[in-house]
Amino acid sequence: MIFKNAFMDWISEPPGSMVFVLSLALATGLISSLLTRWLVDAEEIERKQKQIKAHEEEKEKIIDMAETDPERYRKNRKRWERKDMMLKKTQQSMALQRLKPTCVTFVPMIIIFTLVRMIFTNNPVALSPMNANDVPLIGPLIRAGALWINFTAWYFLCSLGISTLFQRFFKLQTQASGGIGKAFGGTKGKGLEFPDV
């Protein structure tokens, strides 16, 4: 009982609260990554992503054919569109496969997150890594003191960094998935439309 009270006192304010939330983010990130590794066939997804990327790159080549060889362009376009229908089904199955770990962890994580959130309420948990005083143009105008953040903000920051590290460590982030390029529309071919010839 004394240990329980000492522990609750320690995590109720920084630096204990900061370390506790970081540990919680580490544990949930590790469990999530292990479940993903176990439930999702990463090699199969990477192979399919490479196939989809090659398919999008082929679209660019077909569009370039439109003016030089219209007959060949029409044949290749029809073939590409048939293959595109099949690959859209593949993308849907990949999305469902990636959702498997989320389906397993969603309800337990909501329960844990709610319970821990009740402990911290809106109290400060960690000192923000950024401060208005550090910004050359804004700092002198605001004159803000130390910026403390609550449980939700600190957990989000920890979780973001930790999940990226675990994804790389467990090789869950595939080469074909791309980074920012994928987030902003993927390959150039994806945004291009077939001209009518």
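The values are calculated or read from the model by the stated rules, or taken from the named source; none is laboratory data. Predicted model only: the values in this text are computed from it and were never measured. Cβ atoms come from the backbone with ideal geometry, glycine included; neighbour counts cover every protein chain shown.
Quick one: is N76 over 24 Å from D41 (Cβ atoms) and not in a helix (DSSP H, G or I)? Explain how you work it out, then say what you get.
Working: over 24 Å from D41 (Cβ atoms): yes; not in a helix (DSSP H, G or I): no.
So N76 does not fit the description; no.
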When you go through F184, F194, F166 one by one, which is the residue that is at pLDDT 85 or above and either surrounded by 13 or more Cβ atoms within 10 Å (Cβ to Cβ) or farther than 28 Å from L24 by Cβ (or both)? F166
Out of all the residues in the range 23-50, which are surrounded by 15 or more Cβ atoms within 10 Å (Cβ to Cβ) and more than 18 Å from the chain's Cα centre (by Cα)? L24, K48
For the range 142-153, does any single residue satisfy the condition of being modelled with pLDDT of 85 or more, of a type outside the set (G, A, S) and part of a helix (DSSP H, G or I)? yes
Residue under question is K59, and the condition is that it be under 29 Å from S93 (Cα atoms), in contact with a Leu (Cβ under 9 Å, 6 or more places away or on another chain), assigned to a helix (DSSP H, G or I) and modelled with pLDDT of 85 or more; does it hold? yes
